[in-house]
Amino acid sequence: MNERDLYGVWKLVSLRSVMTGGSEPKDIYGVDPVGKIIFTTDNLMMTVITAKDRARSQSDAGDAALFRSMMAYSGPFRVEGGDQFITTVEVAWNPDWVGTEQVRTFSIEGDILSIITAETADPIEPEKTGHGVVTWQKTPP
């Protein structure tokens, strides 16, 4: 596969965390998260994912909860090896990502894009490791 296979707008279907050691996959932002990932013909990508029905914040604690229920990043991307896209992060919800390369393994079957993240510490339970499995459906042009 190449960059052209990714071009377009994709709607989030699911976002799951698969922990090392075989525990059951879990829905990171609930069973019905919302999000989009966009790949442009200029080889830029942007994604925003949130939990569905997030409550408005009335406090610092509420602001922190909103931050934990969303993810967003953007930057130029390239495809390597036919099954990985690598994004050089220019802007992100987490400032630690800015300037890094985020590597994702992907496959496309029909209008479904499946992405697997690299193995990493779980953001909710940092003593555990795992990877994300994100499923998207291509939106009509």
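The values are calculated or read from the model by the stated rules, or taken from the named source; none is laboratory data. If you're wondering where the values come from, they're calculated on a predicted model, not measured in any experiment. For neighbour counting, all protein chains shown are included, and Cβ atoms are generated from backbone atoms with ideal geometry for every residue, glycine included. Accessible surface is based on the protein model in full, side chains and every heavy atom, while ligands, DNA and RNA are left aside. Shrake-Rupley method; radii C 1.70, N 1.55, O 1.52, S 1.80 Å.
Projecting label points 7 angstrom from Cα along Cα→Cβ for K26 and S74 puts them 3.1 nm apart. The eigenvalues of the Cα gyration tensor, multiplied by 5 and square-rooted, give the chain an equivalent ellipsoid with semi-axes of 24, 18, 16 Å from largest to smallest. What the phi angles of region 26-32 give under the Karplus curve with 6.51, -1.76 and 1.60, with θ = phi - 60°, is a coupling list of 10, 6, 5, 10, x, 6, 9 Hz, glycine and proline written as x. Dividing the mean sequence gap of close Cα pairs (under 8 Å, 6+ apart) by how many residues region 9-139 holds gives a relative contact order of 26 percent. As a fraction of the 1.4 Å probe accessible area of region 23-141, surface on carbon and sulfur atoms comes out at 56 percent. Stretching the chain fully between S114 and S57 yields a gain of 17.3 nm (0.36 nm per residue, less the alpha carbon separation).
If you count only protein heavy atoms with a 1.4 Å probe, what accessible area per residue comes out for the chain, rounded to a whole Å²?
58
Lysine pair count for the chain with Cα-Cα distance under 21 Å and sequence separation of 8 or more or different chains is 10. Taking R56, R16, R68 as the candidate residues, the one with maximal mean-square fluctuation in a Gaussian network model of the chain, Cα springs under 10 Å, is R56. Result for the chain in a Gaussian network model with C-alpha springs under 10 Å: among T41, T88, T50, the largest mean-square fluctuation is at T41. Sparse packing (at most 13 other Cβ atoms within 10 Å of the Cβ) combined with a DSSP loop state is found for the following GluC sites (Glu not before Pro) in region 100-141: E119, E127. Quick check on region 74-139: take the gyration tensor over C-alpha atoms, sort the square-rooted eigenvalues as a ≥ b ≥ c, and tell me if it's rounded (a/c under 1.5), prolate or oblate. Oblate is the answer for region 74-139, as a/c is 1.5 or above yet b/c matches or exceeds a/b.
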